[in-house]
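The values are calculated or read from the model by the stated rules, or taken from the named source; none is laboratory data. On a predicted model such as this, the values are computed, not experimentally measured, just so you know. Backbone-built Cβ (ideal geometry, glycine too); neighbour counts: all protein chains shown. Accessible surface is based on the protein model in full, side chains and every heavy atom, while ligands, DNA and RNA are left aside. Shrake-Rupley method; radii C 1.70, N 1.55, O 1.52, S 1.80 Å.
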Amino acid sequence: MSANRRPELGASPATMADVARVAGVSRGTVSRYVRQTGYVSAEARALIDDAIGQVGYVPNAAARSLAGLPSRNIALIVHEDASTFSQDPNLMAIMVDANRVLVEQDHQLMVLMYSPAQGVERLKETLNSRFIDAVMVASIRIDDPVVEAVRASGLPAALLGGSPEMGLARVDVDNVSGAREVVEHLIYGEGARGAGTPVRELAMITGPEDVQASLDRRAGCESAAEAAGLTPRFAHAGAWTYEAGARAMRQLLEARPNVDAIFAANDALGVAALDILAEAGRSVPAQVRVAGFDDSQWATKRELGLTTVRQSSSMLGQALAELVLRRLAGDASPTESIMLPTSLVVRGSTRRMERV
């Protein structure tokens, strides 16, 4: 490595020895400066600062931990298996925008995939390792051992979703009102409320029953249905995936072949419903109206387009990262709650209602 050039892409990371050579001081002086464990003259500090910039040296987390310095690592714990995580464009977008905010504030995002098969003890060890300064949690379950482990760690934390009863700061969208709005649209179409109920049989494909967002979206559906004098049928997908939605939709058609309005708890489930209805020869939206939730990339995967509820993944990721940084700085309440709005997006899957 030349004395005045950052390492090339793919080259070995710069070391303290590289910094010492460029600065013209001993490696021990560089070590004392980086770890803040002894005296370093003002002149030597200036030389070392300049050398660190030239060679691109970054102190590793272990060294910072030994020195009692912040690691500048903020963990995002994702309580999903890898296949579900890869199918969730919203979660990926949230992660990207959270990372952008953290990087701008000189922090690094660490993603921890939690699997119940591993047990929570390994996660606890990681949280207590001093390599993490704060933590965010996504894909939260009811009575979630991950949330308990985070709370026990004492780390500044922020949840994506969950409930106020979990006792930690959180960011979420108003799932209940969003679901109510889209189900009202399914029932009444683009006409006025109270002008009659064109839907005869309403159904909902639900997500995981141990996820608060799924329960909130069901509550919104039930509220809209009750106001219209309808009793919805529920088909339990048990997961957020397309495959789970396809299975639930097939079961729904077997039990209720005349269903004419379907609310899916997310867009992947909604697109699965569209495809199974097409297989069954049911016309959308002429015979069946379908809507989802999220306004993710799934909503535009079919030419028809899926009516859905928009939640801004970008806003969620940004708000989550900003909240955890404020918790880290002591500027936010440990139980602060931020609720972001939703909006209805009407596409071809509900645009008109014709009886055949």
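Think of region 283-356 as a dipole: +1 on every Lys or Arg Cβ, -1 on every Asp or Glu Cβ, centred on the Cα centre; then among 325, 290, 309, 290 lies furthest on the positive end.
Just to be sure I understand: if I project the alpha-carbon convex hull of the chain onto a plane and average over all orientations, what area do I get in nm²?
Numbers: hull surface 85.6 nm².
Seen from a random direction, the Cα hull of the chain projects 21.4 nm² on average.
Compared with the dominant principal axis of the Cα atoms in the chain, helix 313-329 is inclined by about 40°. I'd like the orientation of helix 175-188 relative to the chain: the angle between its Cα long axis and the longest Cα principal axis, in ° from 0 to 90, rounded to 10. The answer is roughly 30 degrees.
Amide H contacts of residue 77 (H built 1.01 Å from N, in plane; Pro and chain starts excluded): 112, 136, 137, 138 sit under 5 Å, all sequence-distant by 5 or more or on other chains. In the distance distribution for region 130-253, Cα-Cα pairs more than 17 Å apart total 64 percent.
Of the residues 183, 33, 350, the one whose Cα sits farthest toward the positive end of the charge dipole of the chain, with +1 on the Cβ of Lys and Arg and -1 on the Cβ of Asp and Glu, is 33.
What a 1.4 Å probe finds exposed on region 295-356 is 49% carbon and sulfur by accessible area, rounded to a whole percent.
Taking amide H as placed 1.01 Å from N in the peptide plane, residue 173 has its amide H under 5 Å from the amide H of 340, each at least 5 places away in sequence or on another chain. Hey, can you grab everything whose amide H is under 5 Å from the amide H of residue 72? Only 5+ residues off in sequence or another chain; H modelled, so Pro and N-termini drop out. Close amide H contacts, sequence-distant or interchain: 133.
Residue by residue, region 41-57 carries 3J(HN,Hα) couplings of 5, 4, 5, 5, 4, 5, 5, 5, 4, 5, 5, 4, x, 5, 8, x, 6 Hz when phi is fed to the Karplus relation 6.51 cos²θ - 1.76 cosθ + 1.60 (θ = phi - 60°); x denotes Gly or Pro.
Among DSSP bridges having both ends in the chain, what percentage is antiparallel? Round to the nearest 5.
The antiparallel proportion sits near 10 percent.
Computed from Cα atoms, the angle from the helix 89-104 axis to the main principal axis of the chain rounds to 30 degrees. Every pair of different Cα atoms in region 236-356 enters the Kirkwood calculation, which places the hydrodynamic radius at 15.8 Å.
Per residue, how many Å² of accessible area does region 274-356 show with a 1.4 Å probe? All intermediate terms of the calculation are to be shown ahead of the outcome.
On the way: 3810 Å² over 83 residues.
With all protein chains present, region 274-356 gives 46 Å² per residue.
Most tightly packed first, judged by the mean number of other beta-carbon atoms within 10 Å of their residues, the peptides 329-338, 125-134 read 125-134, 329-338. Dipole magnitude for the chain: about 540 debye, using +1 per Lys or Arg Cβ and -1 per Asp or Glu Cβ, origin at the Cα centre.
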